[in-house]
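Reviewing the structure listed below.
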C-alpha cells in the first residue's frame, strides 16, 4: 500500500484532526482484534489515503507509543483517549527520526490532536487531559523516550513473545529482521513475460517518469510507490504488483520441468492468485492448473486477477486439506502449497499482523501446515515436486516443519531451495542477481521431490 502523508491542507482537503481521529479508531480496532485492511476500507474515501498512512505508521510505533502513554498518564485512560494519544505521539518529531518517517510540526500536532478529541464524543471530555499529556511530552521528550525504551516491546515495537521467538530462531539476524519490519516495504513489480520483456517494460516506466531497477528474471523495484492505475499497461495485464520473494515460487516449482506435454499443476491455497498467474506466465509449454481456495470471495479475486492478465486456470472453491471432496484421482506433476501461516514475514506491508497474532497461533498453524503437507503428498506423481512455502520467518513454519516432514516420508527428498528468506538481509538464496537490495519480504521455500519407484 502506498504511503501518503499530507502536510498542506487546502480548504477542500481533510484536516489533520479528522485524519488523527479516524487513525485512532483504526488503531483501537486492531487492538480489539480486527484487521487494518477491513478498518481502513470503512474510512470515508476522501480521508482514506491519509488515514491509512498514519495508521500504518502508528502501528509500526505502537509498542513505543503505548509505553509513553503509560508514563504520561497516572491512571490508564479509556481506549479512545489512549489510541488518540498513541497516534499523536507516534507522529512527534522526537519519535520520527528516519528519513521515511512523516514530518509534522510538534505544536501543530498537539493542537490537531486536541481538536480531534473535542470532535469525538468518546474523547471530548478528556480533551484537556490529552492537551496536558502531549505538552508534557514536548517538554520532557528525551527523558520519556529513554525511559520507555527500556522495555523491549517499546524499543522494537513488537510483542514480547514475537521478539523472543525471532531471537531464538535467528540469533545472528534478529535485530536486522525487527528493524526491517518497522520500515515500509518497497513496491515490487512482476512483468508478464507473455506480454513483453522485462527490459521493454522498464523502458516504458522510464518514459512515464517512474524510475525502477531490475531484479531477477521478471522483477522490477520502483524508486517510489505509485497507485497501480498509474502503471503503464496495468489494466491490460502487462504487469502485476508482487514482492520479490513471492516471485521465486514459479521458477522454483517449474525448474527442470519444461517439456512437450502440458504439466498438471495444483496451487493448493491460491488466493489472491499472484503465484497462480506467475506459474502460467512462466511455463514454456501448456499447463493445466487447478487453483483452490476455501474462501469463495477469495476465489473471485483469483478469477479477477487471471482475467486481467489474460490467463486461464480452473479455479475451485474447496479446502485443500479435504482432498476427498475435490480431487479427481489424477496425480499432479507439481504442487504449490503456499500454506496458511502467521504472516510474520510480511509485517512491513501489514503492520497490524504483529499485534493481532498470539504466541499460541504458531503451533496451531504449524499443525494446519502439517495436515496439508501430509494430505497433498499422496496426490503428487513419482518424480514430481511439491513446493512448500510460507510468508513466515518462524522456523516452526519453515525449516522445522520440513525436517519433520522428511522424517515421516521416506519417498521425499529436499531439492535446492533458498530456505528462510529474511527481510532486511540481502541475498535471495542465490536465486536473484547481485542487484538484490534485501528489500524482499520474509519467506520460506522448500522443494520436496518425490522419488520414483
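Couple of notes before you dig in:
- Among the candidates 74, 100, 119, residue that is more than 17 Å from residue 138 (Cβ to Cβ) and without any contact (Cβ under 8 Å) to a residue 40 or more places away in the chain: 74
- Verdict on residue 92 being at pLDDT 95 or above, within 20 Å of residue 131 (Cβ to Cβ), part of a loop (DSSP other than H, G, I, E, B) and not assigned by TED's automatic domain parsing to the domain that holds residue 355: yes
- Residue check, residue 122 in the same structural domain as residue 67 (by TED's automatic domain parsing), part of a loop (DSSP other than H, G, I, E, B) and either over 33 Å from the mean Cα position of the chain (by Cα) or farther than 19 Å from residue 62 by Cα (or both): yes
- Checking each residue in region 1-36 for being modelled with pLDDT of 95 or more, farther than 17 Å from residue 116 by Cα and either assigned to a loop (DSSP other than H, G, I, E, B) or within 18 Å of the chain's Cα centre (by Cα) (or both) picks out 30, 32, 33, 34, 35, 36.
- Some residue of region 358-370 being outside any helix (DSSP H, G or I) and surrounded by 15 or more Cβ atoms within 10 Å (Cβ to Cβ): no
- Candidate set: region 300-321, residues that are more than 15 Å from residue 338 (Cβ to Cβ) and out of contact with any helix residue (DSSP H, G or I) (no Cβ under 8 Å at 6 or more places or on another chain); chosen: the one surrounded by the fewest Cβ atoms within 10 Å (Cβ to Cβ): 314
A quick yes/no check of all residues on (1) modelled with pLDDT under 95; (2) farther than 19 Å from residue 100 by Cα:
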position: 39; (1), (2): no, yes
position: 42; (1), (2): no, yes
position: 54; (1), (2): no, no
position: 58; (1), (2): no, no
position: 64; (1), (2): no, no
position: 70; (1), (2): no, yes
position: 75; (1), (2): yes, yes
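- The criterion of at least 2 residues that are within 19 Å of the chain's Cα centre (by Cα) and either under 26 Å from residue 191 (Cβ atoms) or modelled with pLDDT under 95 (or both) is met by the following strands (runs of 3 or more DSSP E) wholly inside region 237-351: 239-241, 332-338.
- When each of 135, 75, 70 is tested for being at negative phi and either surrounded by 19 or more Cβ atoms within 10 Å (Cβ to Cβ) or not in a helix (DSSP H, G or I) (or both), the lone residue that passes is 75.
- Set 125, 113: member being touching a residue at least 24 places away in the same chain (Cβ under 8 Å) and either surrounded by fewer than 19 Cβ atoms within 10 Å (Cβ to Cβ) or under 21 Å from residue 52 (Cβ atoms) (or both): 113
- Residue list for region 87-100, filter: surrounded by fewer than 18 Cβ atoms within 10 Å (Cβ to Cβ) and within 25 Å of the chain's Cα centre (by Cα): 96, 97, 98, 99, 100
- All of 379, 356, 365, 372 fail the test of being under 20 Å from residue 419 (Cα atoms) and in contact (Cβ under 8 Å) with a residue 60 or more places away in the chain, apart from 372.
- Applying the condition of being assigned to a helix (DSSP H, G or I), touching a residue at least 24 places away in the same chain (Cβ under 8 Å) and buried (at least 17 other Cβ atoms within 10 Å of the Cβ) to region 159-201 and asking which residue is farthest from the chain's Cα centre (by Cα) yields 201.
- Unmet criterion (only one of (1) over 24 Å from residue 184 (Cβ atoms); (2) buried (at least 20 other Cβ atoms within 10 Å of the Cβ)) for residue 84: (1)
- Test result for residue 279, more than 30 Å from residue 156 (Cα to Cα), crowded, with 23+ Cβ neighbours inside 10 Å, assigned by TED's automatic domain parsing to the domain that holds residue 421 and in contact with a strand residue (DSSP E or B) (Cβ under 8 Å, 6 or more places away or on another chain): yes
- Restricted to region 390-418, and to residues there that are modelled with pLDDT under 95 and under 16 Å from residue 373 (Cβ atoms), the residue that is surrounded by the most Cβ atoms within 10 Å (Cβ to Cβ) is 417.
- Annotation note: Cβ proximity below 6 Å between a residue of region 22-34 that is assigned by TED's automatic domain parsing to the domain that holds residue 45 and within 15 Å of residue 66 (Cβ to Cβ) and a residue that is assigned to a helix (DSSP H, G or I) and modelled with pLDDT under 95 (sequence gap 6+ or interchain) occurs for no pair.
The values are calculated or read from the model by the stated rules, or taken from the named source; none is laboratory data. Here the structure is a predicted model, which is why all the values come from computation and not from measurement. Reconstructed Cβ throughout: ideal geometry from the backbone, glycine too, with neighbour counts over all protein chains shown.
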